[in-house]
């Protein structure tokens, strides 16, 4: 039922390159985030059938990422094809990583907007937003440049949000709209401003902005180990619809 959310996440969080392999989508973006550097086996035969064929596809995937200088990573959702792929990857030595929750929220009864601080939402990637996120997320090396290329190349409607406290960027986040959904990404608060309700204020601001642009629902993905973020999304009313994880071959 929610397979379309997976398609939305592929579109709203882009990669620099996507290659098709008999229904599997192999994405790469210079190693920045597993979302953009993994195999998404969403299509193809529903059953394992001929195991050799599936193993050959895994091998071809490994070769693709090896040539890119990256680890082979598979994103495992309830919608993988073939259905037995996760067990096969485990047998081949792939370890589980980053179990995560996909959640959605109906925006029809959105809580009122808080405005204790200054919230700036830009429709274009700005130097201020990139600098604030890079600093707060502790990006290093070429990661800011890769992120800039990924986001600047997207033709979807984006909202780059900066929450300013006393004129200083204290929290930031990204909302991307497609097909009536606003997907939330890169929600982060600077360490010195945490536990002050700033992330909640920023998210509500992004959701209200999304509503003004025609969105009627929201989705997000959160790592299960991030208890603080999960608690905040629970408070805002997000409901889990499924979980996913990655399989990584070191």
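The values are calculated or read from the model by the stated rules, or taken from the named source; none is laboratory data. Everything numeric in this text was worked out from a predicted model, so none of it was measured. Neighbour counts run over all protein chains shown; Cβ positions are idealised from the backbone, glycine included.
Structure summary
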| item | result |
| --- | --- |
| Set 147, 162, 119, 151: member being outside the structural domain of residue 10 (by TED's automatic domain parsing), in contact (Cβ under 8 Å) with a residue 40 or more places away in the chain, under 19 Å from the mean Cα position of the chain (by Cα) and in a strand (DSSP E or B) | 162 |
| Residue list for the range 122-131, filter: over 19 Å from the mean Cα position of the chain (by Cα) and assigned to a helix (DSSP H, G or I) | 127, 128, 131 |
| Selection count where residues are modelled with pLDDT of 95 or more and assigned to a loop (DSSP other than H, G, I, E, B), scope the range 191-214 | 2 |
| Residues located in the range 98-112, provided they are surrounded by 13 or more Cβ atoms within 10 Å (Cβ to Cβ) and either touching a strand residue (DSSP E or B) at 6+ places or on another chain (Cβ under 8 Å) or farther than 21 Å from residue 241 by Cβ (or both) | 98, 99, 100, 101, 102, 103, 104, 105, 107 |
| Complete set of residues in the range 62-88 that are assigned to a helix (DSSP H, G or I) and loosely packed, with under 15 Cβ neighbours inside 10 Å | 63, 66, 67, 87 |
| Within the range 89-111, considering residues that are in a helix (DSSP H, G or I) and at pLDDT below 95, the one nearest to residue 216 (Cα to Cα) | 108 |
